[in-house]
Amino acid sequence: MDSDSTVSSLIMMDEDLHSHQFSSSTSKLHTNGTPTSTSVHELLECPVCTNSMYPPIHQCHNGHTLCSTCKTRVHNRCPTCRQELGDIRCLALEKIAESLELPCRYTSVGCPEIFPYYSKLKHESVCNFRPYNCPYAGSDCSNVGDISQLVAHLRDDHRVDMHSGCTFNHRYVKSNPMEVENATWMLTVFHCFGQYFCLHFEAFQLGMAPVYMAFLRFMGDERDARSYSYSLEVGGSGRKLIYEGSPRSIRDSHKKVRDSHDGLIVYRNMALFFSGGDRKELKLRVTGRIWKEQQNPEGGVCIPNLCN
């Protein structure tokens, strides 16, 4: 028998094997006539990384499967029987996957959606119920979680300033304002309207010009962030700058918001002018407030709901 015939025979045998496994697994899960796909989903779990497998799904000559990422990690050796893997695709399992509809992996935290197997991964990457990344900008923190977990993490691990109320008055000081490259001040977290907001303040180069920037991020999704507005004001010597806008969601990374220049930007010369004195030390006072937009039931327009 030539090599092509051997591979074809193995694939046909594999289809029979996995079709039997699929039928057997499904029949076990019929309770009062209601089928589930839990055991079928287990067949699609890579034995090495335990993630769901997507085409190409590989198998050894004995029918053991694994994902394409792990195939390179195990140096072309089956992790189950240690036989050489070769380049055999498990077409039967790929076809089984096409027939599945599975709930989002975040169903336990509220997502009600069900998707075809091959669409599920794309949805989960943008699901509104997926965990949030830590919004702290002072380090590359890999912590993820829901909002309450992140608030506790920011307070206990990063030791950020925590405040209640929707107005703020902060003074930022730097003894050598000539050093502006990637200078970051301590993150401040505000709790108002039952929500959490992160106030960032930092210095960086905008082109060739050194600048200071302050901006607010909302600890929640973009849709909810649009329900709020905020203002930032900085001034001195009879002059002032004011910025108003909507906070960005922490779904947008700190770097993305900063690079979009969506916030109050003060050039260094102006910041030193606001600081007063001999202009050799940065003493910048930033004030602001957060408010919630409410729909006017009579006029149908948004009116601000100010926090006491």
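The values are calculated or read from the model by the stated rules, or taken from the named source; none is laboratory data. Everything quoted here is computed from the prediction, not taken from an experiment. Here the Cβ is made from the backbone with ideal geometry for all residues, glycine too, and neighbour counts use every protein chain on show. Note: accessible area is taken over every heavy atom of the protein model, side chains too, but ligands, DNA and RNA are not part of it. Shrake-Rupley method; radii C 1.70, N 1.55, O 1.52, S 1.80 Å.
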On the accessible surface of region 83-141, probed at 1.4 Å, how many percent belong to carbon and sulfur atoms?
47 percent
Placing each pseudo-label 7 Å from Cα in the direction of the beta carbon, ASP87 and LYS255 end up separated by a distance in nanometres of 3.6 nm
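Between LEU100 and ASP146, what length comes free when the chain is fully extended (0.36 nm per residue of separation minus the Cα-Cα distance, one decimal in nm)? Walk me through the intermediate numbers first.
Details: separation 46, 0.36 × 46 = 16.56 nm, distance 2.88 nm.
13.7 nm is the gain from fully extending LEU100 to ASP146.
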In Å², rounded to a whole number, the accessible area per residue of region 191-259 with probe 1.4 Å is 41 Å²
Simple spin-label model, 7 Å along Cα-to-Cβ: LEU241 to HIS75 in nm?
5.8 nm
What FRET efficiency comes out for the pair THR107/SER164, r = Cβ-Cβ distance, R0 = 51 Å, nearest 0.05?
0.90
Under a straight-distance cross-link criterion of Cα-Cα below 18 Å, which lysines are reachable from LYS280, leaving out those fewer than 8 residues away in the same chain?
LYS174
